[in-house]
Amino acid sequence: MEKPNVYEILVRTGVVPVIRADSAHDTLKVVQALEDGGVPVAEITMTTPGAIGIIADLVRTRADRLTVGAGTVTDLDSCLKAMDAGSSFIVTPTCNQEIVDACARRNICIIGGGLTPTEVLENWRAGATAVKIFPASVFGPRYLTLLNEPFPDIPLVPTGGISLENVSDYLRAGAVFVGAGGDLVPKAAVREGKFQEITERARRYVSTVRSAREPSASS
C-alpha cells in the first residue's frame with residue numbers, strides 16, 4: 001500500500017494544531033479532543049515536556065488515523081530524535097539547512113519558518129516543502145497576498161495569531177493551510193480540563209476551512 005503523502009494530508013486538512021501543553025497527559029487529551037472534532041493532525045512542539053516520548057506513543061497507537069509531526073524544532077539533534085520517534089513532518093521557526101537536509105535524506109515533509117521575503121526564499125532554496133510565515137499576525141492576511149505575488153510557487157503556511165475570525169482571510173489570501181495554536185487549543189481549556197471545548201473549536205475550524213475553500217467564497 002502506497003504511503004500517504006503527508007504534505008497533501010496537511011493541505012487537505014487545512015489546519016495544523018500547534019500543541020503546547022504542560023504534560024504528556026494533557027497533550028494526549030488535546031490530541032483526542034482534536035481528533036473528535038475532525039482534525040486528524042497534531043504538531044507536538046519540542047517545548048512540550050517529554051515531546052519525543054509523546055510523538056513515539058502517538059505514532060505507535062494512532063498511526064492509522066493520525067498524522068503526527070514535531071514543531072519548534074531548532075536544532076539537528078532534536079530533528080533526528082523527532083524523526084526517529086516517527087514524526088511525519090517537521091516544523092521549524094527559522095531556516096535551518098541542516099534540518100532541511102536531514103529531512104530530505106529521509107523524505108520527510110519539512111516546513112521552514114520565516115517572515116521576510118528573503119527568509120521565504122532562503123527556505124525554499126534550502127529545500128523546504130513549504131514555508132511557515134511566523135508570526136503571521138504581525139502583518140496579517142494582506143501581507144500573505146503580497147508575498148504570493150513574487151513567490152507564486154512557494155507554499156505559504158501562516159502561523160501565529162490564527163483564529164476562527166481570520167482563518168478564512170488567510171486561506172483566501174493564498175495560504176495552503178494554516179498553523180493554529182492558542183485559539184484552537186486555549187490554554188485555559190486545557191488547564192481546566194475542558195477538552196470538549198477544544199473539540200467544538202476543532203469542528204468550527206473544519207467547517208470554516210471548508211467554507212473558505214468553496215468556489216463561491218472567493219467570488
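Since every read-out is calculated from the coordinates, none of them should be taken as a lab result. Given the structure is predicted, the values throughout are model-derived calculations rather than measurements. Every residue, glycine as well, gets a Cβ built from its backbone with ideal geometry; the counts of neighbours run over all protein chains shown.
Counting only helices (runs of 4 or more DSSP H) that fall entirely inside the range 1-88 and contain at least 3 residues that are over 27 Å from Leu171 (Cβ atoms), β-branched (Val, Ile, Thr) and touching a helix residue (DSSP H, G or I) at 6+ places or on another chain (Cβ under 9 Å), the qualifying elements are 51-62.
Here Arg105, Arg142 are screened, and the one residue that is within 23 Å of Leu76 (Cα to Cα) and more than 17 Å from the chain's Cα centre (by Cα) is Arg105.
Scanning the range 92-110 for residues that are within 15 Å of Val176 (Cα to Cα) and either touching a residue at least 60 places away in the same chain (Cβ under 8 Å) or in a helix (DSSP H, G or I) (or both) returns a single hit, Cys109.
Among Leu66, Leu80, which is aliphatic (A, V, I, L, M), under 18 Å from Leu34 (Cα atoms) and surrounded by fewer than 22 Cβ atoms within 10 Å (Cβ to Cβ)? Leu66 is the lone residue from the list that is aliphatic (A, V, I, L, M), under 18 Å from Leu34 (Cα atoms) and surrounded by fewer than 22 Cβ atoms within 10 Å (Cβ to Cβ). For the residues Arg172, Arg142, Arg203, Arg191, the requirement of being closer than 16 Å to Val39 by Cα and of a type in the set (D, E, K, R) singles out Arg203.
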